[in-house]
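Before any comments, here is the structure.
The values are calculated or read from the model by the stated rules, or taken from the named source; none is laboratory data. Quick caveat, the model's predicted, so the values are computed rather than measured. Every residue, glycine as well, gets a Cβ built from its backbone with ideal geometry; the counts of neighbours run over all protein chains shown.
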Amino acid sequence: MEIHLSSNKARSYLNNAGKMLNLVSYLQPYLHKDGLKDAKEDIKLLMDYISDVAKGNYIGYNVNRFLIVIAALLYVIDPIDMVPDFIVGGFIDDATVIGWAITKVAQELEDYRLYRNEQNGCNE
C-alpha cells in the first residue's frame, strides 16, 4: 500500500521541527477541500499534534504512532496516490487513510487531547 512507502519518508521528519511545521503549513489548504470536509476536524487535530511535537510543547508522544500520523498526512498531500485528487471523488482515499490513521493512533490522540485540555485549563 502507498502509505507503507510514505512511512520511510515519514522517518525523515523525526527531530526535524522545520520539516514538521512545513508539513503543517502545506496541509492548511486541505482543510477546505470539498472531498475532505468530513475529515476536517481530524486533519486539524493531527496538524495541532504535529505542531506541538515540532515546537517541543508535547514531548510525551509515541514515536511509532507519530510516524503513522506523518505518513498518513504525507499520503494526503501526495498528488499521485491511489485515486488522484483531480478525479471526481479523488479525496475518498485520502479521507480513508486519515480515518485509518486516527483509528491506529486513537490512544495517542486521546493522550494528546488530555494534554491540550490541561494546557487550556479544561477539566475533562
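Consider residue 112 against the criteria (1) of a type outside the set (S, T, N, Q); (2) at pLDDT 90 or above; (3) outside any helix (DSSP H, G or I); (4) farther than 20 Å from residue 11 by Cα: it satisfies all of them except one. Which criterion is unmet?
Unmet condition: (3).
All but one of (1) loosely packed, with under 15 Cβ neighbours inside 10 Å; (2) within 26 Å of residue 115 (Cα to Cα); (3) charged (D, E, K, R); (4) modelled with pLDDT under 90 hold for residue 34, so report the exception by its number.
Here residue 34 clears every test but (2).
Mind counting the residues in the stretch 53-62 that are surrounded by fewer than 18 Cβ atoms within 10 Å (Cβ to Cβ), within 18 Å of residue 120 (Cβ to Cβ) and under 16 Å from the mean Cα position of the chain (by Cα)?
1
So is residue 44 modelled with pLDDT under 85 and on the phi < 0 side of the Ramachandran plot or not?
No; evaluated as a whole, the condition is false for this residue.
Please count how many residues of the stretch 69-94 are at pLDDT below 75 and among the aliphatic types (A, V, I, L, M).
6
Would you be able to tell me the number of residues in the stretch 46-59 that are closer than 15 Å to residue 113 by Cβ and touching a helix residue (DSSP H, G or I) at 6+ places or on another chain (Cβ under 7 Å)? If you could, list the steps in order and put the result at the bottom.
Step one: filter the stretch 46-59 for residues closer than 15 Å to residue 113 by Cβ, giving 46-53, 57-58.
Okay, now just the ones that are also touching a helix residue (DSSP H, G or I) at 6+ places or on another chain (Cβ under 7 Å), so 46-47, 49-51, 53, 58.
Looking only at that region, the number is 7.
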